[in-house]
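Report on one structure; see the data block that follows.
Read-outs throughout are calculated quantities, based only on the coordinates presented, and are distinct from any laboratory measurement. Please read all numbers here as calculations on a predicted model, not as lab measurements. So basically every Cβ, Gly included, is an ideal-geometry build from the backbone, and we count neighbours across all protein chains shown.
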Amino acid sequence: MITAVDTARAALQALRLGARDYLPKPATAEEILAAVERFGPAPTTCEEGPEGTLVGESRTMRDLRRLVTLLARTRDTVLVMGETGCGKELFARALHECGPRRDCPFVAHNMAATPVELVESLFFGHVRGAFSGAAVPHAGLFDQADGGTLFLDEVDSFPLPLQAKLLRALEGGRVEPVGSGAERTVDVRVVA
C-alpha cells in the first residue's frame with residue numbers, strides 16, 4: 001500500500017486489511033522495488049497457527065495469525081506490546097517459525113532479569129581479557145541469533161547508556177564485543 005497517510009494507526013489498519021507492506025508518499029522507485037522483492041508468493045503455512053502456538057477461533061486470534069503471517073515475511077524489527085503473560089514470546093516465536101529464518105536460531109532473553117553490569121557483554125559479547133574474569137571470549141546474544149531471531153522481552157529495561165549501541169545493532173546489524181575495538185556484522189531480526 002502506498003499512501004499519503006503516514007501514521008502508525010493507518011499502517012496497522014492497512015496490514016489488518018491485507019496489505020503486505022506500507023509505504024508513505026512520496027515513495028521512490030527503489031523503495032517500491034525493495035518492498036516488492038521482500039515478498040514471494042503469499043504465505044499459507046501459518047494461517048492455522050505455527051506449531052499450534054496461536055490457537056483459538058475468535059476474530060482477535062484469527063487477526064493475530066494473519067498479522068503474524070504478514071509480518072513473518074518482512075525483515076523489519078517488530079515491537080510487541082502487552083501485559084506480562086499475554087503471550088508476547090509466543091507471538092515472537094510464531095513470527096520466527098512462519099518466516100524464512102525458521103531454520104536458524106531463535107534466542108529469547110528477558111531484560112528485566114539481567115543485572116545492568118552484565119548487559120553489554122551478554123548482548124554484544126566480549127573478547128578474552130576484556131575485563132577481570134574474561135578468560136575466554138563470549139559470543140553475545142546478537143552473535144548467537146545470527147541468521148535468526150532475537151526476542152528481547154521487557155526491552156524497556158535496557159540500560160540507557162547502552163541504548164546507542166543497541167540502536168547501532170538494530171539499524172545496521174553492527175555489534176562490537178567488549179574489549180574488541182572492531183565491529184562485525186550480524187543478520188538478526190529483532191522482536192522486542
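General observations
- Put simply, the amide H of GLY148, placed in the peptide plane, has neighbours under 5 Å in ARG189, leaving out anything fewer than 5 places away on its chain.
- For the chain, the antiparallel share of DSSP beta bridges with both residues in that region comes to about 20%.
- Folded to 0 to 90 degrees: helix 88-98 orientation relative to the chain principal axis, Cα: 70 degrees
- Each peptide in 55-68, 24-37 receives the mean, over its residues, of other Cβ atoms within 10 Å, and ordering these scores from highest gives 55-68, 24-37.
- If you take all other residues with their beta carbon under 10 Å from the beta carbon of ALA72, and give Lys and Arg +1 and Asp and Glu -1, the sum is +3.
- Placing R0 at 45 angstrom, the Cβ-Cβ distance between LEU160 and LEU17 gives a FRET efficiency of 0.75 after rounding to 0.05.
- Relative to the longest principal axis of the Cα atoms of the chain, the long axis of helix 163-172 makes an angle of roughly 60 degrees.
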